[in-house]
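Okay, structure first, notes after.
The values are calculated or read from the model by the stated rules, or taken from the named source; none is laboratory data. Since the model is a prediction, treat every value here as computed from it, not as a measurement. Note: ideal-geometry Cβ built from the backbone for every residue, glycine included; neighbour counts use all protein chains shown.
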Amino acid sequence: MYEKIEETVIRIIADTLAMDPSDITSETKLVTDLKVDSVDYVEICVSLEDEYNVSFDTEKLMESMTDATTVANIVDYLVSAGAGED
């Protein structure tokens, strides 16, 4: 399940940023490595909400975006929120 969610997160990030998914790993840092800004971050999160029928707290969402935020952090959040438990 974790790997499938990770693949989906990577695909959504790659689609949002118009880049090759093979350039993104679980340890890729969104801000530092991919230059994701707040607009990109919100767009990624909205796509993930739609994909997994989960909700992100907007205030916590913006607080959680740091230079150290990785793909794995997002996957961990989705798993803890029950994503993929259909």
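Can you tell me which residues in the stretch 2-38 are loosely packed, with under 13 Cβ neighbours inside 10 Å, part of a loop (DSSP other than H, G, I, E, B) and of a type in the set (Asp, Glu)?
Hits for the stretch 2-38 are Asp20, Glu27, Asp37.
Would you say Glu59 is among the charged types (D, E, K, R), at pLDDT 90 or above, assigned to a helix (DSSP H, G or I) and over 19 Å from Glu3 (Cα atoms)?
No; evaluated as a whole, the condition is false for this residue.
Which of the residues belonging to the stretch 64-86 are acidic (Asp, Glu) and at pLDDT 80 or above?
Selection gives Asp67, Asp76.
Return yes or no: is Tyr41 out of contact with any Gly (no Cβ under 8 Å at 6 or more places or on another chain), aromatic (Phe, Trp, Tyr) and surrounded by fewer than 18 Cβ atoms within 10 Å (Cβ to Cβ)?
No; evaluated as a whole, the condition is false for this residue.
Determine whether the stretch 69-86 contains at least one residue that is aliphatic (A, V, I, L, M), in contact with a Pro (Cβ under 8 Å, 6 or more places away or on another chain) and not in a loop (DSSP other than H, G, I, E, B).
no
Would you point out which residue out of Ala68, Ala18, Ala14 is without any contact (Cβ under 8 Å) to a residue 60 or more places away in the chain and either touching a strand residue (DSSP E or B) at 6+ places or on another chain (Cβ under 9 Å) or of a type in the set (Lys, Arg) (or both)?
None of the others qualify; the one that does is Ala68.
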